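Report on the structure given below.
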Amino acid sequence: MIRLTGLTKRFPGRTVAANAVDGIDLEIAEGKLVTLLGPSGCGKTTTLRLIAGLERADAGAIELDGKVVSDPRNGVFAGAHRRPIGIVFQSYAIWPHMSVVQNVMFPLRVNKPRVRAAAARKKALDALDLVGLADFAERPAPALSGGQQQRVALARALVREPKVLLLDEPLSNLDAGLRDRMRDEIRAVQQRLGITTVFVTHDQDEALAVSDDVVVMNSGSIVERGRPQEIYTRPQQEFTARFLGVSNTLTGVVTEVSDAGVCVQVGPGRLVCRAGSGLSAGDTVSVFMRPESFGFSRKQHDAEAWKGTVEFSIYHGDCWDYYVRLGDDVLKVRVYKEKVGLAHGDPIFLQPEPEDAIVLPAH
Ligand code: ATP
């Protein structure tokens with residue numbers, strides 16, 4: 001449904017050397033929700049705006065639903081209103097002088113082919129029903145809460161039955177509880193309609209929760225793409241591992257590679273991990289471990305356990321984070337059972353979960 005080939009965008013006068021979008025290739029199949037995830041300034045929004053026709057690319061082609069809508073080589077450029085898209089921005093961009101239903105009808109009344117008022121109203125009410133706001137149709141738009149206004153924006157983006165839905169950080173202006181609810185509602189509506197969707201976010205939890213595929217971006221390029229579980233548990237790039245909140249990094253050396261896995265010697269001890277691709281004995285590697293990837297005990301049950309001492313602890317309600325010193329390394333370890341009364345200086349033993357370790361060649 002969406003195909004980007006060598007998509008490139010430069011902004012004049014930008015001090016950063018790289019292009020804002022630097023030769024991106026991306027395909028998105030019909031009905032899928034794909035997130036563009038990455039840090040501020042990595043080019044997510046620009047990519048979305050290029051797909052929408054709100055920016056012109058300097059190079060590369062954009063195809064939507066089998067039609068080329070942008071290709072500077074051939075002078076092809078279809079503006080936003082001529083592309084089969086609906087778009088929702090972070091700021092809801094709701095018109096305050098109109099009622100809710102008038103807001104949603106608006107695209108049908110101004111764009112060609114123009115829909116007659118009664119039919120437009122009917123379609124707008126259907127779209128409002130889809131986002132659970134049928135009862136609010138006649139209210140003045142500003143009388144709605146932030147979450148409701150964002151749902152109006154979603155209904156307005158969907159009212160022309162676009163082939164592609166583009167969402168630019170649609171949840172950022174909402175408070176935490178509402179954000180989770182809206183996130184799940186957006187996913188539900190997207191799946192119900194089977195509409196191909198590009199969702200821009202810098203929030204990894206959001207990306208993991210809503211996506212069929214996550215595309216991780218950095219400096220105008222795609223770092224990697226994968227299903228949420230793949231990208232979370234088996235990132236292929238160090239950038240992805242760090243961006244997805246792997247807070248413990250250890251440097252190690254591969255001592256043995258066998259069918260059983262890769263044996264790595266790190267500061268605190270030994271670790272046998274699932275076989276990584278292309279590693280051999282003697283390689284220096286970075287080992288990434290999540291805080292929840294450790295067994296934790298006060299007594300040494302296992303000769304291979306890593307011995308450390310507690311530096312300090314932080315209480316989160318449902319869990320504790322312990323910062324544990326092991327020689328030169330300090331690891332963050334998350335424990336979900338009740339606190340066992342550990343204090344600064346107490347010895348503890350960690351059993352790393354080898355299945356959860358991510359081993360990548362060190363740079
Ligand atoms: P954020 O999460 O902060 O919105 P982003 O990943 O969406 O970031 P973009 O907004 O796409 O990033 O910006 C990519 C780069 O292009 C940034 O360095 C930004 O400063 C630059 N940029 C974006 N729009 C313009 C513009 N209109 N003129 C000049 N530079 C721009």
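The values are calculated or read from the model by the stated rules, or taken from the named source; none is laboratory data. As the structure is a computational prediction, the values presented were derived from the model and not from experiment. Cβ coordinates were reconstructed from backbone atoms using ideal geometry, including for glycine residues, and neighbour counts include every protein chain displayed. Accessible surface areas use protein heavy atoms only, side chains included; no ligands, DNA or RNA. Shrake-Rupley method; radii C 1.70, N 1.55, O 1.52, S 1.80 Å.
Pairs needed: first member in the range 150-179, over 15 Å from Arg192 (Cβ atoms) and of a type in the set (Lys, Arg); second member anywhere, in a helix (DSSP H, G or I) and more than 16 Å from the ligand (Cβ to nearest atom); C-beta distance under 8 Å; at least 6 residues apart or different chains.
Final answer for the pair search is Arg156/Asn103; Arg156/Val104; Arg156/Phe106; Arg156/Pro107; Arg156/Ala127; Arg160/Pro107; Arg160/Leu108.
Just to check your reading of the model, which residue among Arg192, Arg234, Arg183 is over 30 Å from Asp328 (Cβ atoms) and open to solvent by 50 Å² or more (accessible area, probe 1.4 Å)?
Going through Arg192, Arg234, Arg183 in turn, just one is over 30 Å from Asp328 (Cβ atoms) and open to solvent by 50 Å² or more (accessible area, probe 1.4 Å): Arg192.
Go through the range 291-341 and give me each residue that's of a type in the set (D, E, K, R), in contact with a Leu (Cβ under 9 Å, 6 or more places away or on another chain) and either modelled with pLDDT of 90 or more or on the phi > 0 side of the Ramachandran plot (or both).
Matches in the range 291-341: Lys307, Arg325, Asp329.
Taking the range 41-91, which residues are more than 16 Å from the ligand (Cβ to nearest atom), open to solvent by less than 40 Å² (accessible area, probe 1.4 Å), out of contact with any helix residue (DSSP H, G or I) (no Cβ under 9 Å at 6 or more places or on another chain) and in a loop (DSSP other than H, G, I, E, B)?
Within the range 41-91, Ala78, Gly79 meet the criteria.
Pick from the range 285-320 the residues that are closer than 17 Å to Glu353 by Cβ and acidic (Asp, Glu): which of them is most open to solvent (accessible area, probe 1.4 Å)?
Once the filter is applied, the top-ranked residue is Glu304.
Just the residues that are open to solvent by 20 Å² or more (accessible area, probe 1.4 Å) and not aliphatic (A, V, I, L, M), please, taken from the range 92-105.
If the condition is that a residue be open to solvent by 20 Å² or more (accessible area, probe 1.4 Å) and not aliphatic (A, V, I, L, M), then Tyr92, Trp95, Pro96, His97, Gln102 are the ones that fit.
Look at Ile24 and say whether it is in contact (Cβ under 8 Å) with a residue 60 or more places away in the chain, surrounded by 20 or more Cβ atoms within 10 Å (Cβ to Cβ), closer than 18 Å to Lys163 by Cβ and more than 6 Å from the ligand (Cβ to nearest atom).
No, not satisfied.
Which one of these does Arg73 not meet: (1) over 23 Å from the mean Cα position of the chain (by Cα); (2) closer than 27 Å to Gln149 by Cβ; (3) of a type in the set (Lys, Arg)?
Single failed check for Arg73: (2).
Exactly one condition in (1) within 16 Å of the ligand (Cβ to nearest atom); (2) under 18 Å from the mean Cα position of the chain (by Cα); (3) open to solvent by 10 Å² or more (accessible area, probe 1.4 Å); (4) under 23 Å from Pro162 (Cβ atoms) is not met by Leu36; state its number.
Failing condition for Leu36: (3).
It is to be established whether one or more residues within the range 12-19 are charged (D, E, K, R), out of contact with any Leu (no Cβ under 6 Å at 6 or more places or on another chain) and within 8 Å of the ligand (Cβ to nearest atom).
Yes.
Among (1) part of a strand (DSSP E or B); (2) touching a Lys or Arg at 6+ places or on another chain (Cβ under 6 Å), there is one condition Leu166 misses while meeting the rest; what is its number?
(2)
Identify all residues within the range 192-222 that are farther than 18 Å from Ile28 by Cβ and away from the ligand (no atom under 16 Å from the Cβ); write none if there are none.
If the condition is that a residue be farther than 18 Å from Ile28 by Cβ and away from the ligand (no atom under 16 Å from the Cβ), then Arg192, Ala209 are the ones that fit.
Does the range 223-243 hold any residues that are at pLDDT below 95 and within 16 Å of the ligand (Cβ to nearest atom), and which are they?
Phe239, Thr240, Phe243
For the range 321-333, which residues satisfy the criterion of being open to solvent by 80 Å² or more (accessible area, probe 1.4 Å) and in contact with a strand residue (DSSP E or B) (Cβ under 7 Å, 6 or more places away or on another chain)?
Passing the criteria: only Arg325.
Please work out which one of (1) under 22 Å from the mean Cα position of the chain (by Cα); (2) more than 25 Å from Ile231 (Cβ to Cβ); (3) aliphatic (A, V, I, L, M) is the condition Ala61 fails and give its number.
So Ala61 meets the others, but not (1).
Kindly provide the set of residues from the range 113-138 that are in a loop (DSSP other than H, G, I, E, B) and surrounded by 11 or more Cβ atoms within 10 Å (Cβ to Cβ), ordered by number.
Val115, Val131, Gly132, Leu133, Ala137, listed by residue number.
Look at Thr5 and say whether it is among the polar types (S, T, N, Q), more than 16 Å from the ligand (Cβ to nearest atom) and in contact with an Asp or Glu (Cβ under 7 Å, 6 or more places away or on another chain).
Numbers: among the polar types (S, T, N, Q): yes; more than 16 Å from the ligand (Cβ to nearest atom): yes; in contact with an Asp or Glu (Cβ under 7 Å, 6 or more places away or on another chain): yes.
Yes, satisfied.
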